[in-house]
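Take a look at the structure below.
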Amino acid sequence: MKAFLDSSIIIIGFVVEKSNSAKILDLLFENKIDAVISEKVLKEVKKYFREKRSRNYAYIIELLLRKNCQIIYNYEVVEVMEKLKGKIKEKDLEQLAAVRKLNLKYLVGYDRDFEKFDEYITPKQFIRKLNLGTYETEY
């Protein structure tokens, strides 16, 4: 199964060990799912870990993501972003555009701004789709 992972999933997955987001990262690193992230997601994750942990830690996370995820760059989704402008907040525009550009079924995130879009699914819902046990929290 292939899905787009929003930055919230990656950050929570690394920070909260017993979370559905962590399960998703485990599946990713075990090559049981395929993941796509955007250039913006990669930057957000790097910034978070650089501020909360260290520059070296952020670099290791970046390497893991580059090795295990398909990255879609901003220039690849500019046209789709233009069509979506005004339908979603600017901060989430690139993520949704990437999902639409690649015709992905799932945008896995923990962000209410995506709720009105069919592709949006929480980590818990995504894990359930894979018929795996979940943690009680949505994230």
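The values are calculated or read from the model by the stated rules, or taken from the named source; none is laboratory data. Because the structure is a prediction, the values reported are computed rather than measured. Because the Cβ atoms are built from the backbone with ideal geometry, glycine has one as well, and the counts that use them run over all protein chains shown. Side chains are part of the model used for accessible areas, which takes the heavy atoms of the whole protein and leaves out ligands, DNA and RNA. Shrake-Rupley method; radii C 1.70, N 1.55, O 1.52, S 1.80 Å.
Averaged per residue, segment 75-139 has 62 square angstrom of accessible surface, using a 1.4 angstrom probe with ligands and nucleic acids left out. Take the Cα of Lys32, step 7 Å toward its Cβ, do the same at Leu132, and the gap between the two points is 0.4 nm. Note on the chain: helix-only mean residue ellipticity at 222 nm, from DSSP H runs of 4+ residues weighted -39500 (n - 2.57) and normalised by residue number, equals -15500 deg cm²/dmol. Note on Gln125 and Val78: the extension gain reaches 14.0 nm, defined as 0.36 nm multiplied by sequence separation minus the Cα-Cα distance. The chain: longest stretch without exposed trypsin sites (Lys or Arg not before Pro) (DSSP loop, at most 16 other Cβ within 10 Å), sites themselves excluded? In the chain, the maximal stretch lacking such sites is 54-86.
Here, P(r) means the percent of Cα pairs in each 5 Å bin from 0 to the largest distance; for segment 34-92 it is 4, 17, 23, 20, 16, 11, 7, 1.
Taking the Cβ of Glu17 as the centre, find all other residues whose Cβ is under 12 Å away and add up their charges (Lys, Arg: +1; Asp, Glu: -1). Net charge in that neighbourhood comes out at +1. If a helix is a whole DSSP H run, which ones in the chain reach 15 Å or further along their own axis (Cα) and hold a mean Kyte-Doolittle hydropathy of at least -1.0? Helices meeting the span and hydropathy rule in the chain are 55-68, 90-101. Which entry is the computed Rg/Rh (Cα atoms, Kirkwood Rh) for this structure: [x] 1.05; [y] 1.10; [z] 0.94? Working out Rg/Rh (Cα atoms, Kirkwood Rh) from the coordinates points to [z].
The length gained on full extension between Asp118 and Lys43, counted as 0.36 nm times the residue separation minus their Cα-Cα distance, comes to 24.5 nm.
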